[in-house]
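Visitor: The following block contains the structure, expressed as structure tokens.
What follows is calculated from the coordinates using simple rules that are stated; it is not laboratory data. Please read all numbers here as calculations on a predicted model, not as lab measurements. Counting neighbours? That spans all protein chains shown, and the Cβs are built from the backbone with ideal geometry, glycine included.
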Amino acid sequence: MSNLLFDDQPLVILPQLALAIGLNESIVVQQLHYWLKKSENVHDGLREKINAWVDDASEELVLEALKIAVENGAKRWVYVETILRDWMEKGYRHRG
């Protein structure tokens, strides 16, 4: 039996980061950090995919797509790529 209220994995948010940049943004940053630095399940190609999207679109768009993915509970990078492909087809290069 778990000591947690629910048997789900807890979401770790740094309070200082959430205060500085906002709750949703801190969730995105934390998830990205996990994917890139902590997860043993992330294949080597993910880092290259993220960097390629930053080069092709912009860091701002990649972070915005990650934010949308997190808000919608997405667990796979392909969700983020689908958002980014759609935006690129529409000619978006920057947020706004």
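Visitor: Where the only charges are on Cβ atoms (+1 Lys, Arg; -1 Asp, Glu), what is the dipole of segment 15-89 about its Cα centre, to the nearest 20 debye?
Guide: In debye, rounded to 20, segment 15-89 gives about 380.
Visitor: Does segment 15-89 come out rounded, prolate or oblate, given a ≥ b ≥ c as the square roots of the eigenvalues of its C-alpha gyration tensor, rounded meaning a/c under 1.5 and, failing that, prolate meaning a/b above b/c? All intermediate terms of the calculation are to be shown ahead of the outcome.
Guide: Numbers: a/c = 1.67, a/b = 1.23, b/c = 1.37.
Since a/c reaches 1.5 but b/c is at least a/b, the shape of segment 15-89 is classed as oblate.
Visitor: Right, another one. Can you return the aspartates and glutamates within cross-link range of K49? Criterion is Cα-Cα under 20 Å, with same-chain partners fewer than 8 residues away left out.
Guide: Counting by Cα, and skipping residues close in sequence, K49 has these aspartates and glutamates nearby: E40, E59, E60, E64, E81, D86, E89.
Visitor: Could you tally the net charge around E81, taking each other residue with its Cβ under 13 Å from the Cβ of E81, Lys/Arg +1 and Asp/Glu -1? Mind showing how you got there, number by number?
Guide: Working: positive: K49, R76, R85; negative: E48, D56, D86, E89.
Around E81, the surrounding residues sum to -1.
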